[in-house]
Amino acid sequence: MIKLKKIKLGKTDENIPILGQGTWGIKSFRNKDYYEKWKESIRKGIELGITHIDTAEMYGRGTSELIVGQVISEYNRDDLFITTKLFPMHTRYNTMKKAAYNSLKRLGIKQIDLYLIHWPSPLISIKKQMRVLEDLVNEGKVRYIGVSNFSVEQFKEAQTYLKNTELVNNQLPASITRQKHIEQSLPFYQNEGIIMTAYSPLGHNGYHNLQGDLREKLEIVAKSHNATIQQIAIAWLINHENVITIPKASKIEHMIANAEAANIRLSDKEITLLYEDGRITENLKLISA
Ligand SMILES: NC(=O)c1ccc[n+]([C@@H]2O[C@H](COP(=O)([O-])OP(=O)(O)OC[C@H]3O[C@@H](n4cnc5c(N)ncnc54)[C@H](OP(=O)(O)O)[C@@H]3O)[C@@H](O)[C@H]2O)c1
């Protein structure tokens, strides 16, 4: 297994790969060949060091967790880092707990490495959600906890309800075409030493039809690194401090390209060029080349 560059998970002693594998898109009720193709690309990712796998109870109504579970059973559990997410439509304490146990069962593991609230819900208070997460940590079913799609204010509020654990992560939509959270939320997570996971780093569609000024700028940077525009889009994210990202690649060639992108170091000038307004936000920390 190749070793990929790692990053400290918040204030914990855990180091996780700078790149994880997204698994949204694994659908239910497909044939054997369909799942075998997915498994092949997940295996390839693991072999390339992309040992952090991101899934969710919601993806394919549990099918993504099942497929991930089947693949990871072939590896040493300690070499892997598994993130999954609680579907926020569960409103009662017991149903939330049961949902976590069902995720463990589908994944075939005893402990979830990182368990996230998938998104804030109008149906249930953040306080109640945090009580469930903290109790799951105390029971040993979950190692680390975090949230997804929470604003900075919601993140701060959630943290106040925790007695003996801390949130280590917020998973947010962030990419070269969706820069809001890089500019507005990341400075907070960098200051607090919390990891921000950039999801949909290739705009969900792989940027195959990206046009205009941004494509031209990406092509200029890509040429000087002998890379593709997708690799530069991924590198752009993880060349910011405290950022990891989780591209989804069901094709093996994409998985290989993504692993390579983890090693691309962009200069401050190149990173700045790719900001929407061509300027770096004050207080944002970059990993300098
Ligand atoms: N927390 C949340 O609410 C939330 C929401 C959305 C997503 N997520 C997570 O984030 C993950 C990634 O986001 P996403 O699935 O929306 O999409 P994405 O990673 O932005 O884009 C996926 C698309 O990019 C293509 N691709 C991947 N690597 C490529 C490369 N090197 N060159 C060219 N094309 C490439 C894929 O093609 P192939 O599949 O054909 O290889 C696929 O079409 C999800 O799978 C999920 O785990 C979380």
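Scanning for something modelled with pLDDT under 95, in contact with a helix residue (DSSP H, G or I) (Cβ under 8 Å, 6 or more places away or on another chain) and under 21 Å from Gln159 (Cβ atoms), does the stretch 76-90 turn up at least one residue? Yes, the stretch 76-90 has at least one match.
Looking only at the stretch 203-241, count every residue that is away from the ligand (no atom under 11 Å from the Cβ) and β-branched (Val, Ile, Thr) and tell me the total. Residues flagged as away from the ligand (no atom under 11 Å from the Cβ) and β-branched (Val, Ile, Thr) within the stretch 203-241 amount to 3. Here the stretch 45-89 is the region considered, the condition is being over 18 Å from the mean Cα position of the chain (by Cα) and basic (Lys, Arg), and the residue that is farthest from Ile244 (Cα to Cα) is Arg61. Condition check: touching a helix residue (DSSP H, G or I) at 6+ places or on another chain (Cβ under 7 Å) and either closer than 23 Å to Ile195 by Cβ or β-branched (Val, Ile, Thr) (or both). Does Thr51 satisfy that? Criteria met by Thr51.
Of note, Lys285 satisfies the criterion of being closer than 17 Å to Glu183 by Cα and either more than 16 Å from the ligand (Cβ to nearest atom) or among the small types (Gly, Ala, Ser) (or both).
Assess whether Pro187 counts as being in contact with a helix residue (DSSP H, G or I) (Cβ under 6 Å, 6 or more places away or on another chain) and either more than 16 Å from the ligand (Cβ to nearest atom) or on the phi < 0 side of the Ramachandran plot (or both).
no
Report yes if Lys251 is within 13 Å of the ligand (Cβ to nearest atom), of a type in the set (D, E, K, R) and more than 19 Å from Ala198 (Cα to Cα), otherwise no. Judged against the criteria, Lys251 is a match. Being at negative phi and touching an Asp or Glu at 6+ places or on another chain (Cβ under 7 Å) is a condition met by no residue of the stretch 108-122.
Within the stretch 1-18, the residues that satisfy the criterion of being in contact with a Leu (Cβ under 6 Å, 6 or more places away or on another chain) and modelled with pLDDT of 95 or more are Ile16, Pro17. Listed by position, the strands (runs of 3 or more DSSP E) contained in the stretch 1-118 that have at least 3 residues being more than 15 Å from the ligand (Cβ to nearest atom) and surrounded by 14 or more Cβ atoms within 10 Å (Cβ to Cβ) are 6-8. So, Ala261, is that one crowded, with 20+ Cβ neighbours inside 10 Å and either among the hydroxyl-bearing types (Ser, Thr, Tyr) or more than 9 Å from the ligand (Cβ to nearest atom) (or both) or not? Here the answer is no, as Ala261 does not meet what is asked.
Which pairs do you get when a residue that is under 19 Å from Met96 (Cα atoms) and free of Cβ contacts under 8 Å to residues at least 60 places away in the same chain, found in the stretch 48-60, comes within reach of a residue that is charged (D, E, K, R) and part of a strand (DSSP E or B), reach meaning Cβ atoms under 8 angstrom, with the pair 6+ apart or on two chains? Pairs that qualify, where the first residue is under 19 Å from Met96 (Cα atoms) and free of Cβ contacts under 8 Å to residues at least 60 places away in the same chain and the partner is charged (D, E, K, R) and part of a strand (DSSP E or B), are Thr55/Lys85. For the stretch 190-199, taking the residues that are in contact with a Gly (Cβ under 8 Å, 6 or more places away or on another chain) and within 14 Å of the ligand (Cβ to nearest atom), the one that is nearest to Trp24 (Cα to Cα) is identified as Tyr199. For Lys251, the conditions (1) over 27 Å from Lys3 (Cα atoms); (2) exposed (fewer than 15 other Cβ atoms within 10 Å of the Cβ); (3) at pLDDT 95 or above are fulfilled apart from (1).
The values are calculated or read from the model by the stated rules, or taken from the named source; none is laboratory data. Just so it is clear, the structure is predicted and the values come from calculations on it, not from any experiment. When we count neighbours, we look across all protein chains shown, and the Cβ atoms used for this are built from the backbone with ideal geometry, even at glycine.
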